[in-house]
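Quick notes on the structure that follows.
The numbers here are math on the coordinates, done by the rules we state, and not lab data. Treat the numbers as computed from the prediction; the structure is a model and nothing was measured. We place every Cβ from the backbone using ideal geometry, glycine too, and count neighbours over all the protein chains shown.
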Amino acid sequence: MVEFAVVAPLLFLFIFAMIEFGRMVMVEQILTNAAREGARRGILEQTTPSEVETLVSDYLTGSSVSGATVSVSPASFHQVGFGDPVTVTVSVPYGQVSWLPTPRFLGETNLTAQSVMRGERPE
């Protein structure tokens, strides 16, 4: 019993740390995929930044990630020509997506993903 009393707090600390860091890696991958999907849509002809933001938000909602902010650059796609970059950035505070009631290790961390692709619009 004494040995368990000494080892149990460390065991639970490691278990909760694994859960928290595992969730962080999972959410970062979801954000990366969402940014990539948004950039893929943004480089196509006749796409608007609002369509890209809606696509990314829908992707995140389907993946149970809420509270994310999405930014698309440039703000207007009228100037985007062939080879011009389109950037999609997605970020969310870790506290919004944690599975633990009070995240101890990553509470104030802001998770961010960015994807840049070249436009495929005719000149």
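Laid out as a table, the results:
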{"read-out": "Cα lying deepest toward the dipole's positive end in the range 1-43, options M18, V6, A39, charges on Cβ", "value": "A39"}
{"read-out": "Length gained when the stretch S91-S64 is fully extended (0.36 nm per residue, less Cα-Cα span)", "value": "8.3 nm"}
{"read-out": "Potential lengthening between A17 and E45 on full extension [0.36 nm per residue; Cα-Cα distance subtracted]", "value": "5.6 nm"}
{"read-out": "Nearest 10 degrees, 0 to 90: helix 2-42 Cα axis against the chain principal axis", "value": "0"}
{"read-out": "Cα-centre dipole for the chain with unit charges at Cβ (Lys and Arg positive, Asp and Glu negative), debye to 20", "value": "120"}
{"read-out": "10 °C / 1.306 mPa s Stokes-Einstein diffusion coefficient of the chain, Kirkwood radius on C-alpha pairs, µm²/s", "value": "99"}
